[in-house]
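Reading through the structure tokens given below for one structure.
All of the numbers you see were taken from the coordinates with simple rules; none came from a lab. What you see is a predicted model, and the numbers here were worked out from it, not measured in a lab. Please note: Cβ atoms are built from the backbone with ideal geometry, for glycine as well, and neighbour counts cover all protein chains shown.
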Amino acid sequence: MPLLMLKDLPRYECLLEAAREFPDLDPSATEVFLNLLRTGDEAFRAVEAHLAQHDITQGRFGVLMALWACDGAAECGATLSPAVLAERTGVTRATITGLVDTLERDGLVSRSPDPEDRRMLSVGLTARGEKLLRKILPSHFRQMAWLMQPLSESERKTLVRLLTKVLQRAAEVPPTAASSAPVLSSAR
């Protein structure tokens, strides 16, 4: 996942100046948005560094967590199809294939024919995969708590409420929004 990694965010005064040239630029919204991206990048970097100590990537960890959370749950049984894993982890089916291939090679997951449709495959967590998660998760949860420690319980609830509003808005963005932007011609 490419990171924006803005180390030096523009000062609010610079955003006000830019808004004179670009009337659609809302300085307050831009400031919040850039801070959100910067914070997300830093949190992602911290988690990535922690997972690297266990020789695992964010993508593979996400697959293991999706399977672990599912293990024995009534809605999915102990296994998931690659398509469901892709949906739950937010990656493409092609990407999930590569992730599962690597996890299977490392003995952390296993593939088996789906019991109800033998044309389909199911992916399940192996004992080795569960053992790795049980090793990683205590320090992973401590790191999350440490990152959120500066916020009071009330601030955390407020932040979750606010981020949920932004998440809902982001989900509303029509897929054609990007294609409606004006295209600059390079013809001479």
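Odds and ends about this structure:
- Our note on the geometry: Cα centres of the range 77-121 and the range 125-151, 22 Å apart.
- Positive-end residue of 16, 53, 36, charge dipole of the range 1-53 with Cβ unit charges: 53
- Global form of the range 1-53, assessed from the alpha-carbon gyration tensor, a/c cut-off 1.5: prolate
- Placing R0 at 22 angstrom, the Cβ-Cβ distance between residue 173 and residue 36 gives a FRET efficiency of 0.90 after rounding to 0.05.
- Hull-based mean projected area of the range 85-149, where the convex hull spans the alpha carbons, in square nanometres: 5.7 nm²
- From most to least packed by mean Cβ count within 10 Å, the peptides 100-109, 158-167, 136-145 give 100-109, 136-145, 158-167.
- Bridgeable aspartates and glutamates around residue 131 (alpha carbons under 18 Å apart, same-chain partners fewer than 8 residues away excluded): 55, 71, 104, 106.
- Taking amide H atoms as placed 1.01 Å from N in the peptide plane, the amide H of residue 122 lies under 5 Å from those of 112, 114, each 5 or more residues away in sequence or on another chain.
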